[in-house]
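The values are calculated or read from the model by the stated rules, or taken from the named source; none is laboratory data. Given the structure is predicted, the values throughout are model-derived calculations rather than measurements. Glycine also receives a Cβ, built like all others from the backbone with ideal geometry; neighbour counts cover every protein chain displayed.
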Amino acid sequence: MMRDSIPMRQVLIGRRTFVAGCALTASGFFPIPTQASTVIGKAADVRGNVSLKRAEKEEGLATGAQIMDNDFVRTAAKSFADLQLDDTRILLGSETELLVDSFIAGQGGTMELGMGQMVFDRPEGLPKIDLALRTTFGMIGVRGTKFFAGPNRGVFAVFVEHGQVSVEGGGVQRLVGAGEGIEIARPGDTPTETVVWKEARIVEAYASVGLTR
């Protein structure tokens, strides 16, 4: 199923700006203050080497640790993180960077995916939330759903399992519904028309974040 494209102002985040503002320092690990911001969730499961940066300091992220607004999470090679933010689950694959810019339980917020892949999972039947996910390839608008975003088969891809997201890139917006996916070859390119993903590709995408279909 395909939909007509909707011209819109291009919304992109420059990778250099993101990295300059969010990259973890290489000077070692330090205790992270817990009172600097609002607790919005926790690390439900951490496998491998995962780092958390907060208030200009960083340390390894362990299972059960608190997640707060403005936290920057980075996974190393062969590492995964499962973050539980209220009723919303966010799974991060290996070599992934995520900035939780702001998040309000039951309402939404903004996040930035600097690199890597993630699955956003909010169970069906819950009230919808408004979330904006910024990436180098464009903006993803979310309204309470389950979707994958990140590199897959040589391109940046978005797949929606249930619900709907809007993907903006190259001055074009696509609406992606349940069972559909789009691709963006390079930053600044427009998203492809939506296509129905086959099961094999869905399994492959989910496996990249440590999730079994």
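Per-structure values
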{"item": "Qualifying residues in segment 37-74 (those that are among the hydroxyl-bearing types (Ser, Thr, Tyr) and modelled with pLDDT of 95 or more) - the one surrounded by the most Cβ atoms within 10 Å (Cβ to Cβ)", "result": "51"}
{"item": "Segment 103-137, residues that are small (Gly, Ala, Ser), surrounded by fewer than 17 Cβ atoms within 10 Å (Cβ to Cβ) and touching a strand residue (DSSP E or B) at 6+ places or on another chain (Cβ under 9 Å)", "result": "105"}
{"item": "Whichever residue in segment 132-168 is touching a residue at least 60 places away in the same chain (Cβ under 8 Å) and hydroxyl-bearing (Ser, Thr, Tyr) and, among such residues, is nearest to residue 107 (Cα to Cα)", "result": "135"}
{"item": "Considering residues of segment 138-161 that are more than 9 Å from the chain's Cα centre (by Cα) and small (Gly, Ala, Ser) only, the residue surrounded by the fewest Cβ atoms within 10 Å (Cβ to Cβ)", "result": "154"}
{"item": "Among residues of segment 36-68, those that are in contact (Cβ under 8 Å) with a residue 40 or more places away in the chain and assigned to a loop (DSSP other than H, G, I, E, B), counted", "result": "1"}
{"item": "So residue 82, is it modelled with pLDDT of 95 or more and at negative phi", "result": "yes"}
{"item": "Subset of segment 75-102 that is among the charged types (D, E, K, R) and touching a Leu at 6+ places or on another chain (Cβ under 6 Å) - its residue that is surrounded by the fewest Cβ atoms within 10 Å (Cβ to Cβ)", "result": "87"}
{"item": "Test: residue 61 is touching a Leu at 6+ places or on another chain (Cβ under 6 Å) and among the hydrophobic types (A, V, I, L, M, F, W, C)", "result": "yes"}
